[in-house]
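**Q** Can you read through this structure? Questions will come right after.
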Amino acid sequence: MDFTFTEEQRAAEEAAGAVFAGVSPDGVPSPALTRGAVAEDFDRTLWDRLAEADLLSLYGPAEQGGAGLGPLTLCLVLREAGQVLARVPLLETGAAALTLAAVGGPVAARLLPLIGRGELTVTAASSGRTGHDPAELAVTARPAPGEPGGWLLDGVQTAVPWAADADLVLLPARRAERTADPAGEETIEASGAGRG
């Protein structure tokens with residue numbers, strides 16, 4: 001097997017290094033040494049520079065404005081971000097973009113170009129109820145009565161990174177299905193992971 005990075009992956013890594021070169025780790029307060037939040041928001045100026053360098057569009061398919069470079073490229077960009085303690089939701093938005101690209105459909109076609117241009121930040125609720133539970137077990141989705149295509153969500157998610165600053169939250173949920181018990185009463189049961 002060949003484990004060398006492609007030219008496109010190396011180019012993304014170099015572009016990320018150039019964007020993050022102006023960020024000083026000493027300028028980022030340590031959460032361990034600071035009471036409360038280290039900042040009111042993520043670094044929007046840096047986020048705009050990442051978008052201008054096309055580093056937010058790397059993960060979506062080409063037909064939706066992306067480069068289709070996948071999770072390994074995201075990891076290379078994240079490594080550069082980590083070296084300077086960049087205060088941006090790159091992991092969460094990148095993971096959301098990869099998930100949307102894999103799922104496809106009209107939602108992905110609408111959101112991926114916005115993510116790639118830096119106009120939309122998306123975080124992921126991936127910690128479950130306690131931070132250790134599988135995320136998809138924390139919330140149940142069932143069809144909303146009287147709203148075709150609508151869903152009602154029930155459950156608890158904790159520790160959603162960047163929740164106060166992100167535009168959208170990608171929320172995994174189990175789909176609840178209607179079944180009839182032997183007495184003829186309709187009940188809702190959760191089954192498998194669903195998307196809504």
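The values are calculated or read from the model by the stated rules, or taken from the named source; none is laboratory data. Just so you know, these numbers come straight off a predicted model, no measurement behind them. Counting neighbours? That spans all protein chains shown, and the Cβs are built from the backbone with ideal geometry, glycine included. Quick note on the areas: whole protein, heavy atoms, side chains included, nothing else; ligands and nucleic acids left out. Shrake-Rupley method; radii C 1.70, N 1.55, O 1.52, S 1.80 Å.
**Q** So if I restrict to the alpha-carbon atoms in the range 1-78, what is the Rg, and what is Dmax, the biggest pairwise distance, in Å?
**A** For the range 1-78, the Cα radius of gyration and maximum Cα-Cα distance read 15.3, 48 Å.
**Q** Please calculate how many Å² of accessible area the range 72-173 carries per residue, with a 1.4 Å probe and no DNA, RNA or ligand atoms counted. List each step's numbers first, then the result.
**A** Values: 5050 Å² over 102 residues.
Solvent-accessible surface per residue comes out at 49 Å².
**Q** Rounded if a/c is under 1.5, else prolate if a/b beats b/c, else oblate: with a ≥ b ≥ c from the C-alpha gyration tensor eigenvalues square-rooted, which is the range 135-175?
**A** On the way: a/c = 3.08, a/b = 1.62, b/c = 1.90.
It is oblate, given that a/c is not under 1.5 and a/b is not larger than b/c.
**Q** Right, here's the next one. So, R0 is 41 Å and r is the distance between the beta-carbons of Phe3 and Leu153; what FRET efficiency does that work out to, to 0.05? Write down the numbers at each step before the final one.
**A** Values: r = 41 Å, r/R0 = 1.01.
FRET efficiency, Phe3 to Leu153: 0.50.
**Q** Taking just the alpha-carbon atoms of the range 1-137, what radius of gyration and Dmax come out, in angstrom?
**A** Considering the range 1-137 through its Cα atoms, Rg and Dmax are 15.7, 48 Å.
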